[in-house]
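Below is one structure; the comments refer to it alone.
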There are 2 protein chains.
Amino acid sequence: EIIAAIDAALSDGPLKGKHILVTSGPTHEPIDPVRYIANRSSGAQGSAIATALAALGAEVSFVTGPADVPAPQNVRVIPVQTAREMLQAVQAAPAADAAVFAAAVADWHVTNAGDSKIKKDGSGLPQLEFAENPDILATVSQMKQGRPKLVVGFAAETDDVIAHATAKRARKGCDWIVANDVSPATGIMGGTENAVTLISDDGAEAWPRMGKDAVAQRLAQRIAEVLL
Amino acid sequence: EIIAAIDAALSDGPLKGKHILVTSGPTHEPIDPVRYIANRSSGAQGSAIATALAALGAEVSFVTGPADVPAPQNVRVIPVQTAREMLQAVQAAPAADAAVFAAAVADWHVTNAGDSKIKKDGSGLPQLEFAENPDILATVSQMKQGRPKLVVGFAAETDDVIAHATAKRARKGCDWIVANDVSPATGIMGGTENAVTLISDDGAEAWPRMGKDAVAQRLAQRIAEVLL
């Protein structure tokens, strides 16, 4: 690990001297002390992206929800649970040259989360009240000062992938959207492969299905080209 | 692994020839294809119990939700996701001499779970409708035919542990309740130790805080005494 850190410090990759923020994993939104709302993101794609960026010499701040996969080496890991904590961590991180929002952030949190475990008996069915979570991608994309030069969002869709992702890019104000189809039949969510479409000013560029590591390396290379 | 299997087959432990059903882990209840409701059970206590029972010679059917810890060796593993799947697996298992329900089963499932990912935009906040899940512990405890001789439930509580657990035992009709306090401050849920109270016809017997493996071994020994 020490040798890896020295390697990274001595690395002369194209991203040397650049600071890149990467978010990854799901968020967990509490219902009560034992229950929470989660999503099927394993964190594999986000970890692979952070690894690929570090391998090109970038200094990476890695803000991660409770992921299934281990955090990558050679990055600064900032663990969080909820979307609100993730936004705080993103805002507390040093100014970044690029930001990649690969986390599957919960859209909502439960506003009437209990301090005690909800009991089944007598009190009937739970009445969960929701409020929207902060929109981390839009918040960073629309920063007036200190906005990263390149802001990359992800869109995990189950239908009309390109249309939804293109609309998301315009609505959020980010530079790129990495869109993918997370329908259960694709096996992508929780799996080792990904089939993404990169949506930018140049339109929609479909990449062939490949390993998440390969997607990450290709994306890191493209990011390096922009930051050069 | 092969040697362990041979050991088990040759084992002359006090539970040789007995079939014991163990449930473990959380259940996941889908909201849509990517979101679900989960709970903080790691499956560590259930896995430890199955391991301890197998070590005493029992044939163990291990019905497990998506746990953090690996499934034990030398048991028949039946993986499930939801509470309804868990009940089906329990009912499909061969008749058991004892059943230990260590899983943290969701009390409710979402009745309006979507086939497509719920979109944040336009449609407002989610309106989740819930229905109670089947009560696996009560169902087995109240079997008219083929009820296991010993049915053991768990009660994970955050307050009034003994009172809640004693009431639960009476309501479900099980023989024993293993009660514990899962308040976040205890560090038990997701941790390596447990502090349980065994509630039976003889009243409430508080065990000292100890490793989950030690709790499992003590419980397995007590089960063996009943089944002898």
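The values are calculated or read from the model by the stated rules, or taken from the named source; none is laboratory data. Please read all numbers here as calculations on a predicted model, not as lab measurements. Please note: Cβ atoms are built from the backbone with ideal geometry, for glycine as well, and neighbour counts cover all protein chains shown. Quick note on the areas: whole protein, heavy atoms, side chains included, nothing else; ligands and nucleic acids left out. Shrake-Rupley method; radii C 1.70, N 1.55, O 1.52, S 1.80 Å.
For the stretch A:21-37, just list the computed ³J(HN,Hα) in residue order, Karplus coefficients 6.51, -1.76 and 1.60, θ = phi - 60°, integers in Hz, with x standing in for Gly and Pro.
9, 10, 9, 7, x, x, 10, 10, 10, x, 9, 7, x, 10, 10, 7, 9
Quick one: net charge of A:N39's neighbours, Cβ under 12 Å, K/R +1, D/E -1?
Numbers: positive: A:R40, B:R35, B:K117; negative: A:E29, A:D68, A:D107, B:D32.
Neighbour charge sum, excluding A:N39 itself: -1.
With no solvent and one equal point scatterer per Cα, compute the Debye intensity ratio I(q)/I(0) for the stretch A:2-227 at 0.10, 0.14 Å⁻¹ and report its log10, rounded to two decimals.
Scattering profile of the stretch A:2-227, log10 relative to I(0): -0.46, -0.86.
When each pair of different Cα atoms in the stretch A:133-228 is counted once in the 1/r mean, what is the Kirkwood radius in angstroms, to one decimal? Write out the running numbers ahead of the final one.
Working: mean 1/r = 0.0714 Å⁻¹.
Mean inverse Cα-Cα distance, inverted, gives 14.0 Å.
What is the distance in Å between the Cα centres of the stretch B:12-55 and the stretch A:128-164?
Distance between centres, Cα-based: 38 Å.
Provide Rg and Dmax in Å for the stretch A:111-163, with only Cα atoms included in the calculation.
Values for the stretch A:111-163 (Cα only, Rg and Dmax): 19.0, 55 Å.
Grab the DSSP H runs of the protein assembly as shown that are 4 residues or longer, score each as -39,500 (n - 2.57), total them, divide by all residues and round the 222 nm result to the nearest 500 deg cm²/dmol. Mind showing how you got there, number by number?
On the way: 12 runs with 130 residues, N = 456.
-8500 deg cm²/dmol, from helical runs alone.
Got a sec to turn the phi values of the stretch B:79-95 into Karplus ³J(HN,Hα) couplings, 6.51 cos²θ - 1.76 cosθ + 1.60 with θ = phi - 60°, whole Hz, x for Gly and Pro?
In residue order, the calculated couplings are x, 9, 10, 9, 4, 5, 5, 5, 4, 4, 5, 5, 6, 7, 6, x, 3 Hz.
Please give every one of the aspartates and glutamates within straight-line cross-link reach of A:K119, meaning a C-alpha to C-alpha distance under 18 Å, and leave out same-chain neighbours fewer than 8 residues apart.
Answer for A:K119, where 18 Å is the Cα cut-off: A:D32, A:E129, B:E29, B:D107, B:E129, B:E132, B:D135, B:E157, B:D159, B:D160, B:D181, listed by chain and number.
Leaving out same-chain residues fewer than 8 places away, which lysines sit with a Cα under 18 Å from that of A:K144?
Qualifying lysines at Cα under 18 Å: A:K172.
Taking the label point as lying 7 angstrom from Cα along the Cα-to-Cβ axis, what are the distances from B:P70 to the corresponding position in the remaining copies, in ascending order and in nanometres?
B:P70 label point versus its equivalents elsewhere: 1.4 nm.
Would you kindly derive the ³J(HN,Hα) couplings of the stretch B:208-220 from the backbone phi angles with the Karplus curve 6.51 cos²θ - 1.76 cosθ + 1.60 (θ = phi - 60°), listing them in order in whole Hz, with x for Gly and Pro?
x, 4, 7, x, 4, 5, 5, 4, 5, 5, 5, 5, 4
In Å, what Rg and Dmax follow from the Cα atoms of the stretch A:1-119?
16.0, 58
Just counting partner chain Cβ atoms within 10 Å, what average do the residues of peptide B:24-34 show around their Cβ? Present the calculation step by step, with values, prior to reporting the outcome.
Numbers: counts 0, 0, 3, 0, 2, 2, 1, 3, 2, 9, 13.
Neighbouring Cβ atoms belonging to other protein chains average 3 per residue here.
Normalise the Debye intensity by I(0) for the stretch A:136-185, one equal point scatterer per Cα, no solvent, then take log10 at q = 0.15, 0.16, 0.22 Å⁻¹ and round to two decimals.
Listed by q, the Debye log ratios stand at -0.40, -0.45, -0.72.
Rounded to the nearest 0.05, what FRET efficiency do B:A214 and A:E129 give with R0 = 30 Å and r taken as the Cβ-Cβ distance? Could you check? Don't skip to the end; give the middle numbers.
Details: r = 42 Å, r/R0 = 1.39.
E between B:A214 and A:E129, to the nearest 0.05, is 0.10.
Please check which bits of the stretch A:122-151 a label hung off A:A170 would reach, taking the label as a point 7 Å along Cα-to-C-beta and the cut-off as backbone N under 19 Å.
A:138-139, A:141-142
Rounded to the nearest 10 Å², what accessible area does A:K117 have for a 1.4 Å probe in the complete protein model?
Looks like 50 Å² after rounding.
So if I take the alpha carbon set of the stretch A:87-201, get Rg, then get Rh from the Kirkwood formula, what is the Rg over Rh ratio?
Working: Rg = 17.6 Å, Rh = 16.5 Å.
Taking Rg over the Kirkwood Rh, I get 1.07.
Give a quick list of GluC sites (Glu not before Pro) in the stretch B:93-174 that DSSP marks as loop, anything other than H, G, I, E or B, with at most 16 other Cβ atoms within 10 Å. Working shown, then result.
Values: sites: B:E129, B:E132, B:E157; in loops: B:E129.
Of the GluC sites (Glu not before Pro), the ones in loops of the stretch B:93-174 whose Cβ has at most 16 other Cβ atoms within 10 Å are B:E129.
Distances from A:Q91 to the same residue in each other copy, label points 7 Å out along Cα→Cβ, in nm, shortest first?
Here the equivalent label points are 5.1 nm apart from this one.
Give the Rg (one decimal place) followed by the Dmax (whole number) of the protein assembly as shown, computed from C-alpha coordinates and expressed in Å.
Considering the protein assembly as shown through its Cα atoms, Rg and Dmax are 24.6, 75 Å.
Counting partner chain Cβ atoms within 10 Å of every residue's Cβ in B:99-112, what's the average? Mind dumping the intermediate values first?
Numbers: counts 0, 0, 0, 0, 0, 2, 0, 1, 8, 6, 0, 1, 1, 0.
Other-chain Cβ atoms within 10 Å of each residue's Cβ, averaged: 1.
Per residue, how much accessible surface does chain B expose to a 1.4 Å probe? Answer in Å², no decimals. Could you put the intermediate results ahead of the total?
On the way: 10080 Å² over 228 residues.
On a per-residue basis, 44 Å².
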